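What follows is calculated from the coordinates using simple rules that are stated; it is not laboratory data. If you're wondering where the values come from, they're calculated on a predicted model, not measured in any experiment. Here Cβ is always computed from backbone atoms with ideal geometry, including for glycine, and neighbour counts include all displayed protein chains.
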Amino acid sequence: MPLPVGLLALQGDFEMHRQALARAGLETLPVRRPDELARAGGLVIPGGESTTLSRLIDRGGLRAPLREFVSSGRPVLGTCAGLIMLSRGLVGERHETWHGVQPLALLDVTVRRNGYGRQIDSFTEDLVLTDGLQDGGPCRAVYIRAPRLEDIGPGVEVIARRPDGEPVGVRADNVVGLTFHPELGDDGRFHALLSG
């Protein structure tokens, strides 16, 4: 029997991810402590507020276990603030603390927080997906205070683009990062990547 997909349940929209994973036929496990993370076969780091998420990761002693989890090769999906946490850093903010956010540096990208504007600037659009994700037609993306990908390292593959070609989804080995919220739609292709 496959291990459940862990949902980092510290803050943010992890319940919507649970529902999306259930639709994909995947069992889930809330993760708030290192021992819970150890029982997961994959992991979702959801959207939310990146400063709060960063502090709660440290308070829960999860920073080193999260790094070990990614290096183990198990699949990881980070969406919105989850992508910010996976990134190597932020642009447009002071380097040392990034206003309280300490990224995990597990994905070779830099991001700009709230790159598309504030909550009032939220929007949806159809994406252009790479060949491996094209089956199933257009993918509708929801952006809410979304980060923007600013620099993508050479070992990182772009898997989703806006209609104008701007990258909004990336993958490096077992780690997928999305600027948008796939859990708010009914397209299960990104959550299905966690099935191993």
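A few remarks follow.
- Shape call, the stretch 5-195: gyration tensor on alpha carbons, a/c limit 1.5: rounded
- Residues listed by number, the stretch 168-196, amide nitrogen under 11 Å from Q19 label point at 7 Å toward C-beta: 183-186
- Placing +1 on each Lys and Arg Cβ and -1 on each Asp and Glu Cβ, with no other charges, gives the chain a dipole about its Cα centre of roughly 540 debye.
- The phi-based Karplus calculation (6.51 cos²θ - 1.76 cosθ + 1.60; θ = phi - 60°) puts the 3J(HN,Hα) values of the stretch 100-107 at x, 8, 10, x, 7, 6, 10, 9 Hz, whole numbers, x for Gly and Pro.
- Cα gyration tensor category, rounded, prolate or oblate, for the stretch 1-60 with a/c compared to 1.5: oblate
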